[in-house]
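What follows is one structure encoded as structure tokens, with my remarks underneath.
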Amino acid sequence: MSNPIFIHEDQVKKLLNWDSTFDAVEAALESVYNKRAVQSPRTFTQSTTSKTLLLTMPGHLDNERFGALGCKLVTVAPDNINLEHPLPTINAQILLFEEATGILKAVVGGTEITKWRTAAASAVATKHLKPKEFQVLAILGAGVQGRIHAICFNHFYDFKEIRIWNHNVHKAETLVQELNQVYNCQKFKCCQSNEECVRGADVVVTATFAKSPIVQKEWLKDGVHINAVGAGLVHHSELSESIYQSSHVYIDHWAGAQTELAGLGKLGVEFKGEIGGVITGDLPPPPLDQVTVFQSLGMAAEDCAMARLIYDLFIQESNMN
Ligand SMILES: NC(=O)c1ccc[n+]([C@@H]2O[C@H](COP(=O)([O-])OP(=O)(O)OC[C@H]3O[C@@H](n4cnc5c(N)ncnc54)[C@H](O)[C@@H]3O)[C@@H](O)[C@H]2O)c1
Ligand SMILES: O=C(O)[C@@H]1CCCCN1
């Protein structure tokens, strides 16, 4: 019996690319809708001696290119950001099993994967819910997810302006400076307020730990698409109740939404369906002038698909050397 291989974060980073990530995440979302994926409910274990939360996310995906049996172990430690030498808030590992024997075949660094697949899920949802060209992107939150969404959406779209706001403005300023330098442009702009950031935007991304709404309905342009990323058991409050009640809200998976977004159900919010149904064409996207929301929770199937992708690329590369 061979030992599992370890694919470390720095190796994962070198193997990741946006187009394959997009394909893997799209396949995962579609497979969940088509019942070709199994995702047992994720568990949440709260440390009693710190703010750290440990989640287990088991899943199986039946897909020729991205099929896998795995489990992501992921921690959320919001105070990591305040350390003298800040660490990422979200850290993960993905265990990948041989399907027939159940033997552990790889431990794949899951922190970069979590970053990339979450931004890619927003890009997949945006593409299918609003198939058109955009001018202005607004990103609320300049943390790990805010940054990777800016990079991902800049890769897939030709935005004229990408605005970034953070409740601690200095962080948004630093990120904007970095991105304008990396891409040798001036399209990244720092906003002093969330309202200034959102007004007139065609696409909005919320990626914060906000515990009260940071986007109000009256700021929204007709036909805007919102990717609400910071959500889950802990809170689901980045958008005002009236946005949830008046727009077309899609989710990544029903089972997760029923438990982790039960609060929205109690407010009378009706989800239009899983984004996978829009990908397959079973659910037609709403008219382009309607406000759409992709309420992202994150799924084990996405992580399994990504771990399989990275595993295959790693083996391919090892065989060439
Ligand atoms: N849907 C998914 O699949 C998925 C995946 C990963 C992360 N997330 C969620 O995305 C969010 C951001 O994660 P991250 O990794 O970027 O974290 P991060 O710590 O790197 O960034 C969080 C940002 O939110 C800001 N923030 C903190 N408290 C705030 C508040 N009260 N109001 C407004 N802004 C506030 C911080 O200044 C920081 O810039 C979290 O809610 C996380 O749970 C979702
Ligand atoms: O789907 C995920 O991987 C993350 C884990 C942390 C909480 C939010 N969702």
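Find the residue count for segment 32-41, including only residues that are surrounded by fewer than 24 Cβ atoms within 10 Å (Cβ to Cβ) and either modelled with pLDDT of 95 or more or in a strand (DSSP E or B) (or both).
Summing the residues that are surrounded by fewer than 24 Cβ atoms within 10 Å (Cβ to Cβ) and either modelled with pLDDT of 95 or more or in a strand (DSSP E or B) (or both) in segment 32-41 gives 6.
Residue under question is ALA119, and the condition is that it be crowded, with 24+ Cβ neighbours inside 10 Å and either assigned to a helix (DSSP H, G or I) or without any contact (Cβ under 8 Å) to a residue 40 or more places away in the chain (or both); does it hold?
yes
Can you name the residue in segment 89-108 that is of a type in the set (S, T, N, Q) and in contact (Cβ under 8 Å) with a residue 12 or more places away in the chain and is also farthest from ligand 2 (Cβ to nearest atom) among such residues? Spell out how you get there, then give the answer.
Taking segment 89-108 and keeping what is of a type in the set (S, T, N, Q), we get 89, 91, 93, 101.
Still in the list and also in contact (Cβ under 8 Å) with a residue 12 or more places away in the chain: 89, 91, 93.
Numbers: THR89: 9, ASN91: 10, GLN93: 12 Å.
Selected residue: GLN93.
Does segment 54-65 include one or more residues that are closer than 24 Å to ALA123 by Cβ and in a helix (DSSP H, G or I)?
There is no residue in segment 54-65 that is closer than 24 Å to ALA123 by Cβ and in a helix (DSSP H, G or I).
Being surrounded by fewer than 17 Cβ atoms within 10 Å (Cβ to Cβ), closer than 24 Å to ILE243 by Cα and more than 10 Å from ligand 1 (Cβ to nearest atom) is the filter here; which residues of segment 164-198 pass it?
Hits for segment 164-198 are GLN192, SER193, GLU195, GLU196.
Name the pairs whose Cβ atoms lie under 7 Å apart, with the first residue in segment 293-314 and more than 16 Å from ALA92 (Cα to Cα), the second within 12 Å of ligand 2 (Cβ to nearest atom) and among the polar types (S, T, N, Q), and 6 or more positions between them or separate chains?
SER296/THR118
Please verify whether segment 29-37 includes one or more residues that are over 17 Å from the mean Cα position of the chain (by Cα), within 15 Å of ligand 2 (Cβ to nearest atom) and not β-branched (Val, Ile, Thr).
yes
Which members of segment 209-235 meet the condition of being at pLDDT below 95 and surrounded by fewer than 21 Cβ atoms within 10 Å (Cβ to Cβ)?
PHE209, ALA210, LYS211, SER212, PRO213, GLY232, LEU233, VAL234, HIS235
Quick one: count up the residues across segment 109-132 that are of a type outside the set (A, V, I, L, M, F, W, C), away from ligand 2 (no atom under 12 Å from the Cβ) and touching a strand residue (DSSP E or B) at 6+ places or on another chain (Cβ under 7 Å).
Qualifying residue count for the region: 4.
The values are calculated or read from the model by the stated rules, or taken from the named source; none is laboratory data. Every value quoted in this text rests on a predicted model; they were computed, and no experiment measured them. Counting neighbours? That spans all protein chains shown, and the Cβs are built from the backbone with ideal geometry, glycine included.
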